[in-house]
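K.L.:
Input: one structure, supplied below.
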Amino acid sequence: MQELFPHTGHAFTIGVTGAPGAGKSTLVQALITQIRGEGDRVAVLAVDPTSPFSGGALLGDRVRMQGHATDGGVFIRSMAARGHLGGLALAAPEAIRILDAAGAAYVLVETVGVGQSEIEVMHAADTTVVVVTPRWGDGIQAGKAGLLEIGDIFVVNKADRDGSRETVRELNQMIDLGAHLPWRPPVLETVATAGTGVGELWAAVKARRAHLEASGELGERRRVRLSREIANLAAERVRYHVGREAAPILDDLVTRAERREIDPGAAATELLAKLGLAGA
Ligand SMILES: Nc1nc2c(ncn2[C@@H]2O[C@H](COP(=O)(O)OP(=O)(O)OP(=O)(O)O)[C@@H](O)[C@H]2O)c(=O)[nH]1
Ligand SMILES: [Mg+2]
């Protein structure tokens, strides 16, 4: 990573999130075609945070994206959270960085938008596309609010189905009720399977990028992201260190706490001091 890092910072990162089966992978595939049409190299990171069947699901994604399997300008990688120290929030930025250093002009990150870990993954993207479908989550207000917050661009995919127009109208109303920020997220309709609306989506992504660059927001966001990442990595190392080194010291502290000779807070202070982390 130390050797890679100087070669990073060039790729524009696009998060694509939404409910399971909303059409994210199909849309990503259509975006790849769009990007390759402009001659740029593109990488895809498909993140599957929780599925115990991720082997199968990820394989499915690869098969679905096989239209680009023989194109040397396209790189597709799947990633699961399990086994990663600190989970996806720490692993995703590093994976994105490798793709960036390898020369991808765009990195597309696909996640299922259902939980906190996906939202954290989205923090690693320069811009976020939220994919919904007609009549999405009728009544699931909380889920909607969460997605509304992170979306820079909204897509109602499967617009060939009933209720697409109403969903577009509903999303526009919700956006207009929210905070009025310099960037007003557009709401687009697509039929990913037919490629309909994908050109407009790509134009919206580029408009978003131009806005981020012109306003200086892109640099600011990346700075916030770096500071968050450094702090997260440091916190994770401390946690790991404490977990590994604390056991022998803990035993004695617990015994003293059981006897009410020391309270848990004071015991934690003593533990940190003994681990050489005094003042933490
Ligand atoms: N009718 C219709 N079907 C679509 C459209 N886009 C995708 N699909 C279908 O919806 C199904 C799910 O598409 P995916 O692209 O795998 O959806 P996904 O969001 O990546 O799914 P997960 O990664 O499993 O969460 C597939 O059978 C697609 O062919 C669309 O615009 N219209
Ligand atoms: Mg998918």
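K.L.:
So Arg260 clears everything in (1) without any contact (Cβ under 8 Å) to a residue 40 or more places away in the chain; (2) outside the structural domain of Glu149 (by TED's automatic domain parsing); (3) assigned to a helix (DSSP H, G or I) except one condition, right? Which one?
P.N.:
(3)
K.L.:
Could you check region 4-18 and list, in sequence order, the residues that are under 15 Å from Ile153 (Cα atoms) and either free of Cβ contacts under 8 Å to residues at least 60 places away in the same chain or near ligand 1 (Cβ under 8 Å from one of its atoms) (or both)?
P.N.:
Passing the criteria: only Gly18.
K.L.:
Check region 237-247 and report whether any residue there is surrounded by fewer than 12 Cβ atoms within 10 Å (Cβ to Cβ) and aliphatic (A, V, I, L, M).
P.N.:
yes
K.L.:
Mind checking which residues of region 173-199 are surrounded by 14 or more Cβ atoms within 10 Å (Cβ to Cβ) and within 15 Å of ligand 1 (Cβ to nearest atom)?
P.N.:
Selection gives Leu188, Glu189, Thr190, Val191, Ala192, Thr193, Gly195, Thr196, Gly197, Val198.
K.L.:
Residues that are over 22 Å from Ala11 (Cα atoms) and free of Cβ contacts under 8 Å to residues at least 40 places away in the same chain: find the helices (runs of 4 or more DSSP H) completely inside region 129-244 holding 3 or more of those.
P.N.:
141-150, 164-177
K.L.:
Take the residues in region 4-37 that are among the small types (Gly, Ala, Ser), in a loop (DSSP other than H, G, I, E, B) and away from ligand 2 (no atom under 16 Å from the Cβ); name whichever of them is nearest to the chain's Cα centre (by Cα).
P.N.:
Going through the qualifying residues, I end up with Ala11.
The values are calculated or read from the model by the stated rules, or taken from the named source; none is laboratory data. Note that the structure is predicted; figures quoted are calculated from it, not measured. Note that each Cβ is placed from the backbone with ideal geometry, even for glycine, and that neighbours are counted across all protein chains shown.
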